[in-house]
Every structure is written in C-alpha cells, then in structure tokens.
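Below is one structure, written out as structure tokens; comments come after it.
The values are calculated or read from the model by the stated rules, or taken from the named source; none is laboratory data. The structure displayed is predicted, hence computed values, not measured ones. Glycine also receives a Cβ, built like all others from the backbone with ideal geometry; neighbour counts cover every protein chain displayed.
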Amino acid sequence: MRCRRGVLGVALLVLALGLQTVGPPAAPAVQAGPLPAPGAQQGPGPLSPPLSVRVGLLASVSDSGVYIGLARGYYHELGLDLNVETIGDPNTIVTLTSANQLDVGGSGVTANPFQAAARGIPVKMVADKGQQRPGFGYYPLIVRQALWDDGELRTFADLRGRQIGKLSRCDSQDPQLERALERGGLTRDDVELRYMGFPDMNAALANGGLDATWQVEPLATLAEANGIAHRLAGGDEIYPNQQLAALYYAPDFAARTDAAQRFMIAYIRSLRDYNDAFVRNVGRADVAQILAQYTTVTDLSLYDRIVPAGLDPDGRLNVPGIRDDVALFERLGCITGTAPDVSQVVDESYVNYALGVLGPYAR
C-alpha cells in the first residue's frame, strides 16, 4: 500500500499552513475494527491475487474512511493494495475518476458528476465523505475580524455589497450560499463573489481583499486563532446535514463488483473507527495519530480545537439533500441540458452490501 503526494490542481492546504509534508508513513499496528453485528452475513475473503486500487484524495480529515483503513490494514485484509495520491483540486479528482484514471476518488458534491452523467459518463457516487451533521459544521461561514468587531457584519443581511470568497463555480458551497442569502433577504446580485483556493482565502481576509468566506477546517480554526476572522455560522446551522462530499467509483471499478464491495467494507469499518474516536471519544488519540500522518492537519493539538468532519458511520448519503442541490445546480446553469435523475449517479448498492456484512452501527 502506498500514499503519495500529488501536484495537480491548486496548492495543497498543508503548504499554506507552513507545515512540512511527510513521506509515506509506516503503518501503525493493525487494530481490531468493529465485529459484524449479530445476524450479519459472512464477509468475503481476500482477493487473490491482490488488486491494486488507485485512489485520489484531498488529504483532508473527511478522507478518514480511506486513511484509517489504510493504516490499520482493513483494505489489505481484503486483498486490496491501495495506491493513494493527494490531488489538490476536487474537480480534477472527479474528472480523473470519470475517465477511469483513478479507481476511487473523494471529492465534493458538485455539478460535475451530474454533468458527466448527462454526457453518458457513468461515474458513481457511492458513499458519504462529509456531511454537515449537527455539531459537525466543519465548513463554516467566517467574516473579517475587523468587520465583526465594528459591528458591520453580524448577520446574513449584512452580507449585502460584500466580497465573498468561494472555491469555484458550481461547487458544494453554492447550496450554502443560496441559503445564507435567502436568510438575509438577499440574492446573488447583492454580493460580489471572488473565486480562490482555500489557503488564499485567509490571506485575502487578512489584507482586506475579502469580507467573508466559507472556509474548511483546519483553516477556519486557524483564521480565528490568528485574529483574521470570526465564525459567523457553522455549516450545520446554515444547511443542516448537507452532503458536502462523497466517495466516487470510476465506471470500470464500479463494474468490478467483487473489488468494489470489498472496498466498501473496509471503508465503512474506517468510518466507524472515526465516529468511535470523535463522537464517543474511544481511541481518539490513536485515530488522531493516523490522520496527522496522512492529512494536512499534522499538528496533533489541532484535533482538540477544530470542528471535525461529519461522517456517517454507515456510509449513508443524504440523497434527498443531493436532489435539492442538483435542482439548484440546474437553476444556476451549472448543468447544460436536462439534469440527469440523481439515481443515475448515486448507487447505494455497495453500502447496502457492506452493511449486510457488518450490520448497522450501534448508535
């Protein structure tokens, strides 16, 4: 199993934080994951020979479902040899996955996979990789500290006439932006959108180039700690349970049912370890050590300060929310022609299979 850093797309968050990248870490000792629930079916044995699986990720905490299982040997146990590459641009991940240049990709829920489906490219959205669950609003709206201190930007209505940062057009921020503007009695014509990468957003807040932005963790927490910004609202307040990010299967990998099902078993085992750590505070230090090795959050102390990503322990997607977001993308002109039905992109069969093996998470 390998994990390497890529150079595609925008610069990695880790560079902007001034943190050192690390080489492929030695995997910690394999720890026992959750046992199958009573009544669960017998799981499959390992593939023989093992299959190499190409995985593209952003190296974010929301990628825990891959990194934990990589470190703990869950994928290896099922005959999957993961080759993980860090790719800094989420749109590039979806593009490479759609073209079978990656087998699995972790990226945002944007217009891109639905545009691909409209063109006959059957990329599949198969599992959760980040929701704004209550208490896990890890994608907050932050405002420039001086504007907050002066009382000029304290409500959504105060966004009128402001410069607002956004990662790109037709991305997972659009549904939040729409809801925030509606709550302030505003439309997109009332604000000026500026597109830039996450690291550049903090710099722009610091020099007055932005008034507000949606910022991902840990950059949101660091912006507050450095006196750059104030958190106006968490993502879970603006859009509760929004499906921000998802796991995608390439068309060819999705068709390899034996491998795709095994991948999902290991992935959900990892999601459960993550929830044990950050919801139940069971094994938190061990999981934080793994994530500090693989993700951009290399400072262990940050895991006690940031708002962690919300990851469903059963891997379930918020399909009704995705339908709402696709309808918005269509209204915004992000999908040319008629938007495909969400069922053409979302495929829950792999999650259903894995839950048949593992049983439901004991909540």
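Do we have Val282 as farther than 26 Å from Ala223 by Cβ, of a type in the set (Val, Ile, Thr), touching a residue at least 40 places away in the same chain (Cβ under 8 Å) and not assigned by TED's automatic domain parsing to the domain that holds Thr221 here?
Values: farther than 26 Å from Ala223 by Cβ: yes; of a type in the set (Val, Ile, Thr): yes; touching a residue at least 40 places away in the same chain (Cβ under 8 Å): no; not assigned by TED's automatic domain parsing to the domain that holds Thr221: yes.
Here the answer is no, as Val282 does not meet what is asked.
Of all the strands (runs of 3 or more DSSP E) wholly in segment 124-225, which have at least 2 residues that are farther than 29 Å from Pro340 by Cβ? Full working, then the answer.
Working: elements: 124-128, 141-144, 163-166, 192-195, 212-214.
Where strands (runs of 3 or more DSSP E) fall fully within segment 124-225 and carry at least 2 residues being farther than 29 Å from Pro340 by Cβ, they are 141-144, 163-166, 192-195, 212-214.
Say whether the condition of being out of contact with any helix residue (DSSP H, G or I) (no Cβ under 7 Å at 6 or more places or on another chain), of a type in the set (D, E, K, R) and assigned to a loop (DSSP other than H, G, I, E, B) is met by at least one residue in segment 264-272. Don't jump to the end; show me each part of the working.
Looking only at segment 264-272, we keep the residues that are out of contact with any helix residue (DSSP H, G or I) (no Cβ under 7 Å at 6 or more places or on another chain), and these are 272.
Checking which are of a type in the set (D, E, K, R) leaves us with 272.
Next, only the ones that are assigned to a loop (DSSP other than H, G, I, E, B) stay: none.
Among the residues of segment 264-272, not one is out of contact with any helix residue (DSSP H, G or I) (no Cβ under 7 Å at 6 or more places or on another chain), of a type in the set (D, E, K, R) and assigned to a loop (DSSP other than H, G, I, E, B), which makes the answer no.
Which condition does Asn100 not pass, out of (1) in a loop (DSSP other than H, G, I, E, B); (2) without any contact (Cβ under 8 Å) to a residue 24 or more places away in the chain; (3) of a type outside the set (A, V, I, L, M), if it passes all the others?
(2)
Contact list please: Cβ distance under 8 Å, first residue in segment 345-363 and under 15 Å from Lys129 (Cβ atoms) and modelled with pLDDT of 95 or more, second residue basic (Lys, Arg) and in a loop (DSSP other than H, G, I, E, B), pairs at least six apart or on different chains.
Final answer for the pair search is Glu348/Arg316; Val351/Arg316.
Which numbered condition trips up Arg194, out of (1) touching a strand residue (DSSP E or B) at 6+ places or on another chain (Cβ under 9 Å); (2) surrounded by 17 or more Cβ atoms within 10 Å (Cβ to Cβ)?
All conditions are met except number (2).
If we keep just the residues of segment 199-220 that are of a type outside the set (A, V, I, L, M) and in contact with a strand residue (DSSP E or B) (Cβ under 9 Å, 6 or more places away or on another chain), which is surrounded by the fewest Cβ atoms within 10 Å (Cβ to Cβ)?
Step by step, filter segment 199-220, then rank; the result is Gly208.
Quick one: would you say Asp236 is closer than 26 Å to Ser98 by Cβ, among the acidic types (Asp, Glu) and either part of a loop (DSSP other than H, G, I, E, B) or touching a residue at least 40 places away in the same chain (Cβ under 8 Å) (or both)? I'd like the intermediate steps shown before the answer.
Working: closer than 26 Å to Ser98 by Cβ: no; among the acidic types (Asp, Glu): yes; either part of a loop (DSSP other than H, G, I, E, B) or touching a residue at least 40 places away in the same chain (Cβ under 8 Å) (or both): yes.
It is false that Asp236 is closer than 26 Å to Ser98 by Cβ, among the acidic types (Asp, Glu) and either part of a loop (DSSP other than H, G, I, E, B) or touching a residue at least 40 places away in the same chain (Cβ under 8 Å) (or both).
Conditions: (1) within 23 Å of Val307 (Cα to Cα); (2) surrounded by fewer than 24 Cβ atoms within 10 Å (Cβ to Cβ); (3) in the same structural domain as Val342 (by TED's automatic domain parsing). Asn100 meets all but one. Number of the miss?
(1)
Being out of contact with any Ser or Thr (no Cβ under 6 Å at 6 or more places or on another chain), closer than 30 Å to Gly73 by Cα, modelled with pLDDT of 95 or more and not in a helix (DSSP H, G or I): is that true of Ala254 here? First the steps, then the outcome.
Numbers: out of contact with any Ser or Thr (no Cβ under 6 Å at 6 or more places or on another chain): yes; closer than 30 Å to Gly73 by Cα: yes; modelled with pLDDT of 95 or more: yes; not in a helix (DSSP H, G or I): no.
No, not satisfied.
Kindly provide the set of residues from segment 60-83 that are of a type outside the set (Ser, Thr, Tyr) and either within 17 Å of Val297 (Cα to Cα) or assigned to a helix (DSSP H, G or I) (or both), ordered by number.
Once the filter is applied, which keeps residues that are of a type outside the set (Ser, Thr, Tyr) and either within 17 Å of Val297 (Cα to Cα) or assigned to a helix (DSSP H, G or I) (or both), segment 60-83 yields Val61, Asp63, Gly65, Val66, Ile68, Gly69, Leu70, Ala71, Arg72, His76, Glu77.
Please go through segment 117-127 and give me each residue that is over 21 Å from Met264 (Cβ atoms) and of a type outside the set (D, E, K, R), ordered by number.
Residues of segment 117-127 over 21 Å from Met264 (Cβ atoms): 118-121.
Ala118, Gly120, Ile121 - these are the residues of segment 117-127 that are over 21 Å from Met264 (Cβ atoms) and of a type outside the set (D, E, K, R).
Can you tell me which residue is nearest to Arg272 (Cα to Cα) among those in segment 311-344 that are touching an Asp or Glu at 6+ places or on another chain (Cβ under 7 Å) and charged (D, E, K, R)?
If we take residues in segment 311-344 being touching an Asp or Glu at 6+ places or on another chain (Cβ under 7 Å) and charged (D, E, K, R), then Asp312 is nearest to Arg272 (Cα to Cα).
Restricting to segment 312-355, what's the tally of residues that are among the aliphatic types (A, V, I, L, M), within 30 Å of Leu78 (Cβ to Cβ) and out of contact with any Pro (no Cβ under 7 Å at 6 or more places or on another chain)?
Filtering segment 312-355 down to residues among the aliphatic types (A, V, I, L, M) leaves 317, 319, 322, 326-328, 332, 335, 339, 342, 345-346, 351, 354-355.
Okay, now just the ones that are also within 30 Å of Leu78 (Cβ to Cβ), so 317, 319, 322, 342, 345-346, 351, 354-355.
Those left that are additionally out of contact with any Pro (no Cβ under 7 Å at 6 or more places or on another chain): 317, 319, 322, 342, 346, 351, 354-355.
So the answer is 8.
If Ala37 meets every condition in (1) modelled with pLDDT of 95 or more; (2) on the phi < 0 side of the Ramachandran plot; (3) part of a loop (DSSP other than H, G, I, E, B); (4) not β-branched (Val, Ile, Thr) apart from one, which number is that one?
Of the numbered conditions (1) modelled with pLDDT of 95 or more; (2) on the phi < 0 side of the Ramachandran plot; (3) part of a loop (DSSP other than H, G, I, E, B); (4) not β-branched (Val, Ile, Thr), the odd one out for Ala37 is (1).
So which residues in segment 163-189 are charged (D, E, K, R) and either at pLDDT below 95 or in contact with a helix residue (DSSP H, G or I) (Cβ under 8 Å, 6 or more places away or on another chain) (or both), if there are any at all? Quick ask: steps written out before the conclusion?
Initially, segment 163-189 is screened for residues charged (D, E, K, R), giving 166, 169, 171, 174, 178-179, 182-183, 188-189.
Answer for segment 163-189, where residues must be charged (D, E, K, R) and either at pLDDT below 95 or in contact with a helix residue (DSSP H, G or I) (Cβ under 8 Å, 6 or more places away or on another chain) (or both): Lys166, Arg169, Asp171, Asp174, Glu178, Arg179, Arg183, Arg188.
Output the qualifying pairs, or none if there are none: Cβ atoms under 6 angstrom, residues six or more apart or on different chains, first residue in segment 240-266 and closer than 15 Å to Ala99 by Cβ, second residue buried (at least 20 other Cβ atoms within 10 Å of the Cβ) and of a type in the set (Lys, Arg).
The qualifying pairs are Tyr249/Lys124; Ala254/Lys124.
So is Ile306 among the aliphatic types (A, V, I, L, M) and closer than 17 Å to Gly73 by Cβ or not?
Numbers: among the aliphatic types (A, V, I, L, M): yes; closer than 17 Å to Gly73 by Cβ: no.
For Ile306, the condition - among the aliphatic types (A, V, I, L, M) and closer than 17 Å to Gly73 by Cβ - is not met.
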